[in-house]
Amino acid sequence: MRTNAMNRFGVRKRALLAGALGVLTAAATLVAPSPATAAENTLGAAAAQSGRYFGTAIASGRLNDSAYTTIASREFNMVTAENEMKIDATEPQRGQFNFSSGDRVYNWAVQNGKRVRGHTLAWHSQQPGWMQSLSGGSLRQAMIDHINGVMAHYKGKIAQWDVVNEAFADGNSGGRRDSNLQRTGNDWIEVAFRTARAADPSAKLCYNDYNIENWSWAKTQGVYAMVRDFKQRGVPIDCVGFQSHFNSGSPYNSNFRTTLQSFAALGVDVAITELDIQGATASTYASVTNDCLAVSRCLGITVWGVRDTDSWRSEQTPLLFDGNGSKKAAYTSVLNALNGTSSPPTGSGETIKGVGSGRCLDVPNAGTADGTQIQLWDCHGGTNQQWTATSAGELRVYGDKCLDAAGTGNGARVQIYSCWGGDNQKWRLNSDGSIVGVQSGLCLDAAGTGNGAQIQLYSCWNGSNQLWSRA
Ligand code: G3I
């Protein structure tokens, strides 16, 4: 029986040669258009390839945080003020408008080359105290005056306005939400839209809501019926915003694409306006992105914040950047989808633990560079230890990097490399715990048991350094 030391040192020269050849092979293959090479390397630029945008909510209070603005400025090309253009912010006293915070967000966006979605003009929530206490004709007039006042200030400057927000009830009724605005009469929504069209004919006018992504939900059908009615009667509505706050109580469903297509077929644009996903599952983020891309009238996607720590639901870590500003796996899956290069993983990420070592397959220092050799490290379940077996036989990490054999002989290094579909990136996961490279027929092999032990290919011999458990 050979030892790990023999394994490592007995083939060192050949391993390096094989590794070099493997890298050359991979590089040569990548000369041809590679489906997994990002055509663009920011979300906004990648979305722009199909005429769409990729946006974020911006909070004015964070604009002096340079880590925040660096990411926001680099990645996004559409901005929504998270709170600063809402009713309580813009009209704190009746008839006295205040655009200081809204303008701070607007000016930052425009100075950084971004467009702006306006959010939001008529809503039961975040009303200033004076409006909360109004009713009837007085409230109706206050709503109209508010729409006119805010839209006049931003006239000609806003790509889309969320004219009415969250007017439908949750649950099975499919009807309107009870609110002071609703109690002014069922026509309050169309009055808001007609007022908005007259105030700024250049802005697209959207109805915006949550829990309307699932086609089978009553709330979705209620909003759909309203939009159909508006289109039939000539009420000026241009778009529907799907907030897309997905979580365990309101999970993503693959019929979202049907919903987007169905609304678009009514003759309105659709947009994903406040996306966040509990746990930020990479495959779910990719699915949502692909749903938008599949619908020609889907204008773009906005995520509801930059880093997890900026989120209104920070405990759910639902966004594309972690609190340190690092890109998460979900970021990569969205970018790949926008670049048209994703192949959605079939399973969720799992750790791959060596039977002999008790340590996990790990990308050193969470590196993302092609050619980074895999090692063993104490299992901690971080993103650099999360591997996803795809139906194509790949073992993916970070969404778009594959476990890659840089050669076909004993000692060939095993590394990460951008997924490109080659047989050196395909693996057979055998029931005995061995993992066999499809191209080489050799086994995934740990050249040691300690932290930092390198991973290579080696002839299968059923040793505990070649057996793996996945969890
Ligand atoms: O700024 C004050 C701060 O001075 C004060 O100390 C603190 C005390 O609670 O409150 C701060 O204001 C908070 C504000 O966010 C800014 O952080 C408000 O309390 C809080 O209610 C407000 O929450 C916002 C929420 O809308 C209000 O409904 C969230 O930031 C914002 O992300 C959220 O956004 C909504 C969309 O507009 C509509 N769709 C749902 C989405 C999520 O709830």
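The values are calculated or read from the model by the stated rules, or taken from the named source; none is laboratory data. Model, not experiment: these values are computed from the prediction. Note that each Cβ is placed from the backbone with ideal geometry, even for glycine, and that neighbours are counted across all protein chains shown. Only protein heavy atoms, including side chains, enter the accessible area calculation; ligands, DNA and RNA are left aside. Shrake-Rupley method; radii C 1.70, N 1.55, O 1.52, S 1.80 Å.
Would you mind checking K86/K204; K86/K155; K157/K204; K86/K328; K86/K157; K86/K219 for any pair whose Cα atoms are more than 19 angstrom apart? Can you show the working numbers first?
Values: K86/K204 17 Å; K86/K155 16 Å; K157/K204 11 Å; K86/K328 30 Å; K86/K157 16 Å; K86/K219 24 Å.
Long pairs (Cα-Cα over 19 Å): K86/K328; K86/K219.
The phi torsions of segment 167-175, fed into the Karplus equation with coefficients 6.51, -1.76 and 1.60 and a -60° offset, translate into couplings of 8, 9, 7, 6, x, 9, 6, x, x Hz, rounded to whole numbers, with Gly and Pro shown as x.
Entry note, segment 189-256: relative contact order of 42 percent, from Cα contacts under 8 Å with a spacing of 6+ residues. Where does the charge balance sit around N211 when Lys and Arg score +1, Asp and Glu -1, over other residues with C-beta under 10 Å from its C-beta? After counting each charged neighbour, the total is -3.
So in the chain, what percent of DSSP beta bridges are antiparallel if you round to the nearest 5?
Working: 32 of 67 bridges.
Bridges in the chain that DSSP calls antiparallel: roughly 50 percent.
Once the convex hull of all Cα atoms in segment 232-377 is built, its volume per residue stands at 143 Å³.
By its C-alpha gyration tensor, with a ≥ b ≥ c as the square roots of the eigenvalues, how is segment 43-339 shaped: rounded for a/c under 1.5, else prolate for a/b larger than b/c, else oblate? Display every interim value, and only then the final one.
On the way: a/c = 1.64, a/b = 1.23, b/c = 1.33.
Verdict is oblate for segment 43-339.
Over the chain, give the accessible area per residue in Å² for a 1.4 Å probe, as an integer.
On the way: 17890 Å² over 471 residues.
Averaged over the residues of the chain, the accessible area is 38 Å².
Using the Cβ of Q160 as centre and a radius below 12 Å, the other residues enclosed give a net charge of 0, where K and R count +1 and D and E count -1.
Look at the alpha carbon pairs under 8 Å that are at least 6 residues apart: their mean separation over the length of the chain gives a relative contact order of 14 percent.
What does the charge add up to near E190, with Lys and Arg as +1, Asp and Glu as -1, over the other residues with Cβ less than 15 Å from its Cβ? It would help to have the intermediate numbers written out before the result.
Working: positive: R140, R176, R194, R197, R228, K231, R233; negative: D187, D229, D238.
The answer is +4.
Scoring 226-232, 358-364, 284-290 by mean Cβ neighbours within 10 Å over their residues and listing the highest first yields 284-290, 358-364, 226-232. Would you mind pulling out the separation of the Cα centroids of segment 301-374 and segment 228-255, in Å? Here the two parts' Cα centres lie 29 Å apart. Summary of the geometry: segment 83-100 and segment 162-226, compared by the centres of their Cα atoms, lie 21 Å apart. Please enumerate, by chain and number, the lysines with C-alpha under 17 Å from the C-alpha of K426, excluding those fewer than 8 residues away in the same chain. Cross-link targets: K401. Computed over the chain, the per-residue total of -39500 (n - 2.57) for DSSP H runs of n ≥ 4 gives a 222 nm mean residue ellipticity of -9000 deg cm²/dmol, rounded to 500. Evaluated at q = 0.10, 0.21, 0.23 Å⁻¹, a Debye calculation over the C-alpha positions of segment 350-470 (equal weights, vacuum) places log10 I(q)/I(0) at -0.23, -1.17, -1.47.
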